[in-house]
Amino acid sequence: MNPKILIIGACGQIGTELTHKLRAIYGTENVIASDIRKMNTDVVHSGPFEVVNALDFNQIEHLVEVHQITDVYLMAALLSATAEKNPAFAWDLNMNSLFHVLNLAKAKKIKKIFWPSSIAVFGPTTPKENTPQYTIMEPSTVYGISKQAGERWCEYYHHIFGVDVRSIRYPGLISWSTPPGGGTTDYAVDIYHKALEQSKYECFLSAETKMPMMYMDDAIRATIQIMQADAEKIKIHSSYNLAAMSFTPTQIATEIKKHIPDFEITYQPDFRQQIADSWPASIDDTSAREDWGWKHEFDLGSMTQDMLLHLREQ
Ligand code: SER
């Protein structure tokens, strides 16, 4: 039987592409997109759309009942840079939206949840290269603390109440169709726009800041793949490490120069440098590859080619 899907936060960077992909797979009528405002005409007009506040349990419960929802993808969150500017609201939104959805599953009103975690769950005391699935986790950002706590609650609701919640620790996500929403890895999207518009970019991180990254196509595939996997294949009920590539601002600039020879990058690190420095440089995602068959497709070269192609068309 086809799932009946509710996406909360459907107008954001991931939500937009997820909505289109899930509609293509399961049928437009079976995928209800929702967000706090009608922010993305593409999403709003391409199928069923509801305005919903992720902090309002009654609104979400009502939607779930009216549309007979089976699966919820909870994509609403404040990202790392924005969360540092508004810690209390970030904590409220990131935690309580998750509780609402977990509690709906506990009450058997929905069957399955996707909730994204992040490389931000790691901190300055975590091994930086090839960060293992299980390791020291002392996140030092508001966003990271909320994701780490969220992971603990997901595992708890699975063990104690049998809730089927699946999660991935996304690296920085790079996409051309919708702008990112206030993260530390956003430079790796902005750089392509500025390269095409002005042939130059001032980076808010230093030249050698290496971070784990992924092209949106891969991230969407991973998300749908973990949700489609047989329940017994999901062995980790906190969140899976997930990786594709790692690069520095220097390396992405070098790649862009292959297509735009006069492109130039300069560096002016701001408060986001400290956040980046606290995160891993590369991730060991063996568990995702072994348990449910994760395999990335895009590397820095193929991503750069695809990004520039789509942005030029746009
Ligand atoms: N890309 C996110 C951020 O920078 C990490 O999950 O906040």
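Looking at region 176-208 only, could you name the residues that are crowded, with 23+ Cβ neighbours inside 10 Å and polar (S, T, N, Q)? Matches in region 176-208: THR184, THR185. Scanning region 270-295 for residues that are open to solvent by 30 Å² or more (accessible area, probe 1.4 Å), assigned to a loop (DSSP other than H, G, I, E, B) and either β-branched (Val, Ile, Thr) or within 15 Å of the ligand (Cβ to nearest atom) (or both) yields ASP270, PHE271.
Residue pairs whose Cβ atoms lie under 9 Å apart, sitting 6 or more positions apart in sequence or on different chains, and linking a residue in region 190-205 that is closer than 14 Å to GLN314 by Cβ to a partner that is of a type in the set (Gly, Ala, Ser), are ALA195/ALA253.
Each residue in region 68-100 was checked for being crowded, with 24+ Cβ neighbours inside 10 Å and of a type in the set (Asp, Glu), and 0 pass.
Would you check if there is a residue in region 165-184 being over 30 Å from HIS100 (Cα atoms), touching a helix residue (DSSP H, G or I) at 6+ places or on another chain (Cβ under 9 Å) and not β-branched (Val, Ile, Thr)? Scanning region 165-184, I find at least one residue that is over 30 Å from HIS100 (Cα atoms), touching a helix residue (DSSP H, G or I) at 6+ places or on another chain (Cβ under 9 Å) and not β-branched (Val, Ile, Thr), so the answer is yes. Could you check, for region 223-232, whether at least one of its residues is under 20 Å from the mean Cα position of the chain (by Cα), of a type outside the set (A, V, I, L, M, F, W, C), buried (at least 23 other Cβ atoms within 10 Å of the Cβ) and within 16 Å of the ligand (Cβ to nearest atom)? So far as region 223-232 goes, yes, one or more of its residues are under 20 Å from the mean Cα position of the chain (by Cα), of a type outside the set (A, V, I, L, M, F, W, C), buried (at least 23 other Cβ atoms within 10 Å of the Cβ) and within 16 Å of the ligand (Cβ to nearest atom). For region 151-182, a residue qualifies if it is at pLDDT 95 or above and within 12 Å of the ligand (Cβ to nearest atom), and the qualifying residues are ILE168, ARG169, TYR170, PRO171, GLY172, LEU173, ILE174, SER175. Looking for something among the β-branched types (Val, Ile, Thr) and modelled with pLDDT under 95 - is there at least one such residue anywhere in region 18-37? There is no residue in region 18-37 that is among the β-branched types (Val, Ile, Thr) and modelled with pLDDT under 95.
Residues of region 279-306 being farther than 21 Å from LYS147 by Cβ, under 18 Å from the mean Cα position of the chain (by Cα) and among the hydrophobic types (A, V, I, L, M, F, W, C), which ones? Hits for region 279-306 are PHE298, MET303.
Restricting region 101-126 to residues that are touching a residue at least 24 places away in the same chain (Cβ under 8 Å) and open to solvent by 30 Å² or more (accessible area, probe 1.4 Å), the residue that is nearest to the ligand (Cβ to nearest atom) is PRO124.
What number of residues within region 57-100 satisfy the criterion of being over 22 Å from ILE220 (Cα atoms) and either in contact (Cβ under 8 Å) with a residue 40 or more places away in the chain or in contact with a Lys or Arg (Cβ under 6 Å, 6 or more places away or on another chain) (or both)? Spell out how you get there, then give the answer.
From region 57-100, those over 22 Å from ILE220 (Cα atoms) are 57-68, 81-93, 95-96, 99-100; that's our starting set.
Checking which are either in contact (Cβ under 8 Å) with a residue 40 or more places away in the chain or in contact with a Lys or Arg (Cβ under 6 Å, 6 or more places away or on another chain) (or both) leaves us with 57, 60-61, 63-65, 67-68, 81-84, 87, 90-91, 95-96, 99-100.
Total meeting the criteria: 19.
The values are calculated or read from the model by the stated rules, or taken from the named source; none is laboratory data. Values in this document were obtained by computation on a predicted structure and should not be read as measured data. So basically every Cβ, Gly included, is an ideal-geometry build from the backbone, and we count neighbours across all protein chains shown. What goes into the accessible areas is simple: the full protein's heavy atoms, side chains included, and nothing from ligands, DNA or RNA. Shrake-Rupley method; radii C 1.70, N 1.55, O 1.52, S 1.80 Å.
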